[in-house]
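This report concerns only the one structure given below.
The values are calculated or read from the model by the stated rules, or taken from the named source; none is laboratory data. Every value quoted in this text rests on a predicted model; they were computed, and no experiment measured them. We place every Cβ from the backbone using ideal geometry, glycine too, and count neighbours over all the protein chains shown.
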């Protein structure tokens, strides 16, 4: 690089760095502004999780409709610490957490899931496998009682189709919902259900401590249902 190119690169780096810093500070303010939302807000929960995670942590992200929040707040741990599936199917994260923990035993491992993803993951097999392999991880289920990754695009693609006026979106409702915390307990993991803003920090902390102590944990975060 010539001297003039170095100067221009430094100017771009400074400008972009300042913009990123402004956006991160704005994201923190936005997350904190949702602290009293009831039902819970996914961004507030994810921001609280970030405050409790030890270093180093690897994030496996299948949060789907809440992925904007996980990318915003949890993708800053450095290269190779924020992973997602390269495939089109869902249900990868809880099982993949076993391999990541075995490959990186010094890392705290978090699988972020929508409730649809958690169901698709064959959670009994994944959680039992974590216990059998002595590879504990934390699974956070952002639960909007719906497979919204399918419902929302359907509304956008076919606004005049039969599903919109009737409200009948086939195979997208997860009602009545399974009890993810009880599924976790049946496999030897800690199960936590969060419904109220005042439960968030303590519930996440207990799950993090369980995993650090060698026991997997599942936190079922009850969000507003997707309409």
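Observations
- In the stretch 167-183, of all residues being under 13 Å from residue 143 (Cβ atoms) and modelled with pLDDT of 95 or more, the one that is surrounded by the most Cβ atoms within 10 Å (Cβ to Cβ) corresponds to 180.
- Unmet criterion (only one of (1) loosely packed, with under 13 Cβ neighbours inside 10 Å; (2) in contact with a helix residue (DSSP H, G or I) (Cβ under 9 Å, 6 or more places away or on another chain)) for residue 208: (1)
- Residue 225, sole failed condition from (1) surrounded by fewer than 13 Cβ atoms within 10 Å (Cβ to Cβ); (2) out of contact with any helix residue (DSSP H, G or I) (no Cβ under 8 Å at 6 or more places or on another chain); (3) part of a loop (DSSP other than H, G, I, E, B): (1)
- The set of residues in the stretch 192-205 being surrounded by fewer than 20 Cβ atoms within 10 Å (Cβ to Cβ) and touching a helix residue (DSSP H, G or I) at 6+ places or on another chain (Cβ under 9 Å) consists of 193, 197, 201, 205.
- Identity of the residue in the stretch 178-199, under 17 Å from residue 45 (Cβ atoms) and assigned to a loop (DSSP other than H, G, I, E, B), that ends up farthest from the chain's Cα centre (by Cα): 196
- Of all the residues in the stretch 27-45, those that are more than 20 Å from residue 144 (Cα to Cα) and either over 20 Å from the mean Cα position of the chain (by Cα) or surrounded by 11 or more Cβ atoms within 10 Å (Cβ to Cβ) (or both) number 5.
- Hits in the stretch 130-146 (condition: farther than 11 Å from residue 189 by Cα and either surrounded by 18 or more Cβ atoms within 10 Å (Cβ to Cβ) or touching a residue at least 24 places away in the same chain (Cβ under 8 Å) (or both)): 133, 134, 135, 140, 141, 142, 143, 144, 145, 146
- Here 103, 97, 88 are screened, and the one residue that is at pLDDT below 95 and closer than 18 Å to residue 61 by Cβ is 88.
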